[in-house]
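The values are calculated or read from the model by the stated rules, or taken from the named source; none is laboratory data. Not measured: the values here are computed from a predicted model. Note: ideal-geometry Cβ built from the backbone for every residue, glycine included; neighbour counts use all protein chains shown. The protein model used for the area step is the full one, side chains on, heavy atoms only, and it has no ligands, DNA or RNA in it. Shrake-Rupley method; radii C 1.70, N 1.55, O 1.52, S 1.80 Å.
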Amino acid sequence: MVLVLERWVAVHGPGPVSRQAVFEGERLGAWVRVMRDQYRQGGLSPERAKQLAVPLGWTPQPSRDPGGRG
């Protein structure tokens, strides 16, 4: 799915992907939402987070607290 995301970025540019986005027949928006939730909870490996950070505009270090307190 990362390859689909990379092709999306090539067409649409980096940044947010709508939850409803379907690209090349894939539910890209739903997948990005799952990845974003895992990222915010600190559940992605550093390699995966880095791989997704640039195309999605994420910061390098996710907050482990959804309230932003740490």
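Kindly indicate whether any position in segment 57-64 is over 15 Å from ARG7 (Cα atoms), at pLDDT below 85 and surrounded by 16 or more Cβ atoms within 10 Å (Cβ to Cβ).
Taking segment 57-64 first, the residues over 15 Å from ARG7 (Cα atoms) are 57-64.
Next cut, at pLDDT below 85 only: 57-64.
Subset that is surrounded by 16 or more Cβ atoms within 10 Å (Cβ to Cβ): 58, 62.
Yes: one or more hits.
Here are the criteria: (1) modelled with pLDDT of 85 or more; (2) more than 16 Å from VAL9 (Cα to Cα); (3) open to solvent by 30 Å² or more (accessible area, probe 1.4 Å). Tell me which single one GLY68 does not satisfy.
Result: GLY68 fails condition (1) only.
Filter segment 1-55 down to residues that are in contact (Cβ under 8 Å) with a residue 24 or more places away in the chain and in contact with a Pro (Cβ under 7 Å, 6 or more places away or on another chain) and give me whichever is least open to solvent (accessible area, probe 1.4 Å).
The extreme case among them is LEU5.
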